[in-house]
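Let me begin by presenting the structure, written as structure tokens, before commenting on it.
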Amino acid sequence: MIIITATFAQAFSGSGHAMSIVSALILWRFIMGVGVGGDHPLSAVIASEFAPRRNRGRLMTTVFTAQGWGNFGTALTNPVCLEIGDTQVEIYHLSTQLPP
């Protein structure tokens, strides 16, 4: 729920009198990082507990490989978004480069 809430909050963030859009994105990105940090170990536990014994190693490998492919996809997508040159895209790119 934390990841979903923070993702939608990032998508609908805007600037206001009290906070700029960069500050809002940094805040929601941090909250999403807390959710992802809790989900990362749980995905391995769920895969190992509920998998049949003969498929357990294969499923554990799949879980951690999928996370790596997600990081790789992000690394490929961000330069393409920067080439678009839209201000909102550049702000989002800068906010995703901050550690969660």
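Report the full-extension gain for the segment Ser23 to Arg53: residue separation times 0.36 nm, less the Cα-Cα distance, to one decimal in nm.
6.1 nm
Mind pulling up the Rg/Rh value for region 2-96? Radius of gyration and Kirkwood radius, both on Cα.
1.10
Please list, by residue number, every one of the chymotrypsin sites (Phe, Trp or Tyr not before Pro) in region 1-85 that is coil in DSSP and has at most 11 other beta-carbon atoms within 10 Å.
Answer by residue number: Phe12.
So what's the Cα pair-distance distribution over region 2-55, bin width 10 Å, in %?
Cα pair-distance distribution for region 2-55, in percent: 24, 34, 20, 13, 7, 1.
If I take R0 = 35 Å and measure r between the Cβ atoms of Thr65 and Thr5 in this structure, what FRET efficiency does the formula 1/(1 + (r/R0)^6) give, to the nearest 0.05?
Rounded to the nearest 0.05, the efficiency is 0.80.
Since every read-out is calculated from the coordinates, none of them should be taken as a lab result. It should be emphasised that the depicted structure is a prediction, and the values quoted were computed from it without experimental measurement. All Cβ positions, glycine included, derive from the backbone under ideal geometry; neighbour counts span all protein chains shown.
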